Structures are given as structure tokens and as C-alpha cells.
Amino acid sequence: MEDSPPEDHNWSEAVDIGEAPDPVQALLDYWKSKCRDGGFPAKADIQPWEISRFLGRICILEITSDPMDFIYRLDGTNIASATNENLTGQSILNAEPTDFARSAFNDLKATVDRAEPTLWLVRMRARNRKYDYLRLVLPLAGAQGQFNYLLTYSHRFGARDGNFPDYDLN
């Protein structure tokens with residue numbers, strides 16, 4: 001049985017992006033360097049070899065409408081191994097636990113509504129996953145220049161490199 005947090009558990013909250021630690025700020029600066037003509041960088045502008053130190057904790061989600069959803073197009077390997085689920089091709093609402101998935105959905109929707117980068121303090125409290133981390137959410141444009149992707153980067157506190165521990169089945 002899943003060891004769940006109390007019903008009133010606050011999974012996440014928006015925090016001041018200006019207070020982000022250096023690795024998070026470095027990725028935000030990279031994103032800003034890719035912005036063109038006052039718009040968001042295109043998904044194609046993000047070059048993996050330029051951000052290789054972040055790759056395992058990066059996810060790219062496609063924004064769909066009617067109904068609004070967020071579909072993983074890339075689920076970072078460190079994220080997938082920490083959660084024991086690879087959500088590539090699936091909705092964020094398929095993540096476990098479900099109340100965490102709903103909270104993450106709401107955070108992503110808030111980023112879409114703001115149409116600007118956001119930073120979230122996330123409090124993971126599920127089974128053997130008990131840690132806090134930052135989730136940077138960055139808007140990306142698609143091939144036609146429309147805002148229809150999000151890049152997320154997760155950075156765990158208490159880890160020198162920000163990585164997450166592998167999921168422990170015990």
C-alpha cells in the first residue's frame with residue numbers, strides 16, 4: 001500500500017525565480033539566450049549537447065487543448081528512474097501518486113497562464129520518495145512559433161549534482 005501524505009499536503013508552491021541556485025539559474029540563462037525577437041525559444045533551438053549536464057532531469061511536454069493536457073515527449077532518465085515510470089508519450093496525469101500528478105498539472109497550467117518561466121518548490125512525500133526539489137518550467141515554441149511546449153528541469157536539494165536517487169522497491 002502506498003504510504004501517502006496527509007490529504008491537506010501542499011505538494012508545491014511557486015517561488016522567486018531570482019533566488020534559484022546556480023544550476024537552475026544556468027539553465028534559465030541558457031533558455032534566455034535562445035529567445036528570439038521577444039518570443040520563446042523554439043523546441044528545435046534547445047541543443048542537447050549544449051545542456052548535457054542537465055539532460056537526465058529535463059522533460060519536454062507538449063501542451064494540448066480541448067481538453068488541456070500535458071503529454072511527455074521526453075521524460076528525463078534520472079526522473080524516470082527516480083519514479084520507476086517512464087511517461088514518454090503519456091499525460092502527466094498518469095504519474096503516481098495521482099494527487100501529485102494533479103498538483104504538477106496545476107503548476108504547468110499556471111506557467112501556461114502566466115506565459116513566462118516559473119519555479120516551483122516541490123515537496124515529494126510518497127512511499128520511499130521523501131525529498132524536496134525545484135522544478136523550473138520554461139515555455140517553448142513549436143515549429144510554427146506558437147507556445148505549445150514546456151521544458152521542465154528538476155533539481156533536488158541535498159544532492160551535490162541535483163540528481164534524484166533511483167526508485168527503491170523496498
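Just one of A82, A14, A110 is of a type in the set (G, A, S) and in contact with a Pro (Cβ under 7 Å, 6 or more places away or on another chain); which is it? From the options A82, A14, A110, the qualifying one is A82. Among the residues making up region 144-166, those that are surrounded by fewer than 19 Cβ atoms within 10 Å (Cβ to Cβ) and over 17 Å from R114 (Cα atoms) are Q144, G145, F157, G158, A159, R160, D161, N163, P165, D166. Counting only residues that are touching an Asp or Glu at 6+ places or on another chain (Cβ under 8 Å) and β-branched (V, I, T), which one in region 121-170 is farthest from G38 (Cα to Cα)? Step by step, filter region 121-170, then rank; the result is V122. Within region 149-163, is there a residue that is of a type in the set (A, V, I, L, M, F, W, C), outside any strand (DSSP E or B) and modelled with pLDDT of 90 or more? Within region 149-163, none of the residues are of a type in the set (A, V, I, L, M, F, W, C), outside any strand (DSSP E or B) and modelled with pLDDT of 90 or more. Here are some conditions: (1) at pLDDT below 90; (2) among the acidic types (D, E); (3) open to solvent by less than 20 Å² (accessible area, probe 1.4 Å). D107 meets all but one. Which one does it not meet? Every listed condition holds for D107 apart from (1).
Of V112, V122, which residue is open to solvent by less than 70 Å² (accessible area, probe 1.4 Å), among the β-branched types (V, I, T) and either outside any helix (DSSP H, G or I) or closer than 19 Å to V24 by Cα (or both)? Going through V112, V122 in turn, the sole match is V122. Give me the residue from region 57-76 that is in contact (Cβ under 8 Å) with a residue 12 or more places away in the chain and outside any strand (DSSP E or B) and, out of that set, surrounded by the fewest Cβ atoms within 10 Å (Cβ to Cβ). The extreme case among them is M68.
Of all the numbered requirements in (1) touching a strand residue (DSSP E or B) at 6+ places or on another chain (Cβ under 9 Å); (2) at pLDDT below 95; (3) hydrophobic (A, V, I, L, M, F, W, C), I46 misses one, and that requirement is (2). When L93 is tested against (1) within 19 Å of R129 (Cβ to Cβ); (2) touching a Ser or Thr at 6+ places or on another chain (Cβ under 6 Å), exactly one condition is not met: (2).
Residue by residue through region 26-56, note down the ones that are of a type in the set (F, W, Y) and not in a loop (DSSP other than H, G, I, E, B).
Within region 26-56, Y30, W31, W49, F54 qualify.
What pairs can you find where one residue is in region 86-98 and surrounded by fewer than 15 Cβ atoms within 10 Å (Cβ to Cβ), the other is modelled with pLDDT of 95 or more and assigned to a helix (DSSP H, G or I), and their Cβ atoms are less than 7 Å apart, with a gap of 6+ or different chains? Short answer, once both residue conditions are applied: L93/F105.
Set side by side, the residues T98, T64, T88 differ, and just one is over 12 Å from the mean Cα position of the chain (by Cα) and closer than 18 Å to P48 by Cβ, which is T88. Applying the condition of being over 12 Å from A141 (Cβ atoms) and of a type in the set (K, R) to region 22-56 and asking which residue is most open to solvent (accessible area, probe 1.4 Å) yields R53.
The values are calculated or read from the model by the stated rules, or taken from the named source; none is laboratory data. Predicted, not measured: the structure shown is a model, and the values here were computed from it. Neighbour counts are summed over all protein chains in view; Cβ atoms, including those assigned to glycine, are modelled from backbone coordinates with ideal geometry. For accessibility, only protein heavy atoms count, side chains too; no ligands or nucleic acids. Shrake-Rupley method; radii C 1.70, N 1.55, O 1.52, S 1.80 Å.
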